[in-house]
Structures are given as structure tokens and as C-alpha cells.
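**Student:** This is the structure I have questions about; it appears just below.
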Amino acid sequence: MKKPSSKIREEIARLQDQLRQAETREAERIGRIALKAGLGEIEIEEAALQGAFEEIAGRFRGAKGQASGKRKAGDGGTAGASPATVATGAAAGSGSEA
């Protein structure tokens with residue numbers, strides 16, 4: 001028994017809504033953590049911040065995470081420099097909050 005295209009479209013719409021809700025929850029969670037770490041007070045370009053987040057994600061994923069870093073895959077040297085920037089920013093953020 002095949003589903004009619006209208007039922008498939010309804011299912012896709014429902015799944016897209018679930019995806020948007022899940023992404024919103026994840027974004028809010030990460031945003032709260034970033035603010036607690038003091039990232040809201042640091043002036044940094046969005047691309048640099050995204051690269052730092054990708055480096056952090058790679059560390060938590062292990063070796064597999066680096067293969068999934070789509071935008072920074074060929075930029076290993078820059079990604080290696082990002083942790084120092086993040087560490088400095090995190091230290092500066094926590095120092096100003098203390």
C-alpha cells in the first residue's frame with residue numbers, strides 16, 4: 001500500500017516542524033551556556049566564533065568530528081589556533097565576571 005502524495009507532504013511538514021522545534025531548543029541551550037561563559041560580552045566576528053565552536057564540537061566528537069567540520073575541513077591550521085582564542089576569550093570572560 002502506497003501513501004498518497006498529500007499524506008507524504010503532511011508528514012514532511014510535520015517532521016519539518018519537529019526539526020524547527022528541536023533546533024530552537026538546542027539553540028536556546030547553547031545560547032544560555034555561551035552567555036554563562038561570558039561570550040555575549042566578547043566582540044568577535046561570527047565566522048571566527050563559528051570556527052571556534054566547530055573546533056570545540058570536534059573535540060567532543062573525537063576524530064570523527066573533524067571529518068564533519070564541513071566549512072573548516074581544509075583549514076586545519078586555523079582550527080588549531082582557535083582553542084587559544086577560545087581559551088583567552090573564556091578566561092577574559094570569566095575574569096570580568098569575577
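**Student:** Within segment 28-65, which residues are small (Gly, Ala, Ser), surrounded by fewer than 13 Cβ atoms within 10 Å (Cβ to Cβ) and assigned to a helix (DSSP H, G or I)?
**Tutor:** Result: GLY31, GLY40, ALA47, ALA63.
**Student:** State which residue is nearest to the chain's Cα centre (by Cα) when the search covers only segment 27-46 and only residues that are farther than 16 Å from ALA57 by Cβ and basic (Lys, Arg).
**Tutor:** Selected residue: ARG32.
**Student:** Given the condition at pLDDT 50 or above and loosely packed, with under 11 Cβ neighbours inside 10 Å, answer yes or no: does some residue in segment 75-87 qualify? Walk me through it before giving the result.
**Tutor:** Taking segment 75-87 first, the residues at pLDDT 50 or above are none.
The answer is no; no qualifying residue exists.
The values are calculated or read from the model by the stated rules, or taken from the named source; none is laboratory data. Predicted model, so just to flag it, every value in this text is computed and none were measured. Because the Cβ atoms are built from the backbone with ideal geometry, glycine has one as well, and the counts that use them run over all protein chains shown.
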